[in-house]
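Trainee: I am attaching a structure below and will ask some questions about it afterwards.
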Amino acid sequence: MENQSTQASRWGRRMVFSVVLGWGAAAAAWAQAPAWMAPLAGSYVGRLETGSVPGSAEKGTVYVRLDGKRDASGDGFVLQWLQGIDTAQVDESLTLWSFQRATGGVRITEASGSQRGTTDWYITGTTPLGATLTRGGDYAGAPALLRWTLERLPGQLRLSHAINRGNGQWLETHAFILEDALEEAPATGKPSVSGRPSSPQPRRNDPQP
């Protein structure tokens, strides 16, 4: 028969193992991004519509591609943006959407060339496949509330940016209207884009999400 000391030792090891497993499970759950962020993982092509309000970028359309993947920590998504995919000059940028469990918000980090910026957003509304993010800031040199709205629709992802100058009215400044990416065309190696023009559009200083 085992003595009491041996039994106590085994019981102690089991308790430690159980606690470690519990901590691991809790840490994994703690790191997971909310379900509404899941549509950010995927490949999309479509257009960026700009110039909806005074002070925004020049009005027009830029054709874009988005490839999103969940990051290694599990609490966010890395988004690779290609803008101007219908032209000879394609601009690439990266954006990280990271869920901040401590604050219940989202941190958006943008990197384009040598430029890098980070902003923190409050989650002011959610649906199973979308959310609204809001923060205070400025737009075109004037104070304003800023808002991102993410919507996953059948076959489409929409990411729109709007401002409120304090009068209760939200004005959309630009929007990414994206569709699920199709297979690349063998002749050009470029993805098919719904509504793509027959001739290239002029490049402009394009906003990023």
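Trainee: Give me the strands (runs of 3 or more DSSP E) completely within segment 4-115, filtered to those with at least 2 residues that are over 13 Å from the mean Cα position of the chain (by Cα), at pLDDT 95 or above and among the acidic types (Asp, Glu), ordered by residue number.
Mentor: Numbers: elements: 42-50, 60-70, 76-83, 91-100, 105-112.
Those strands (runs of 3 or more DSSP E) do not exist here; none qualify.
Trainee: While we're looking at this one, here's another question. Quick one: Pro128 ticks every box in (1) surrounded by fewer than 12 Cβ atoms within 10 Å (Cβ to Cβ); (2) over 25 Å from Ala35 (Cα atoms) except a single one, so which number is it?
Mentor: Status for Pro128: all satisfied but (2).
Trainee: Which ones in segment 70-104 are of a type in the set (Val, Ile, Thr) and within 18 Å of Ala38 (Cα to Cα)? Before the answer, list the steps.
Mentor: Residues of segment 70-104 of a type in the set (Val, Ile, Thr): 78, 85, 87, 90, 95, 103.
Matches in segment 70-104: Val78, Thr95.
The values are calculated or read from the model by the stated rules, or taken from the named source; none is laboratory data. Not measured: the values here are computed from a predicted model. Note: ideal-geometry Cβ built from the backbone for every residue, glycine included; neighbour counts use all protein chains shown.
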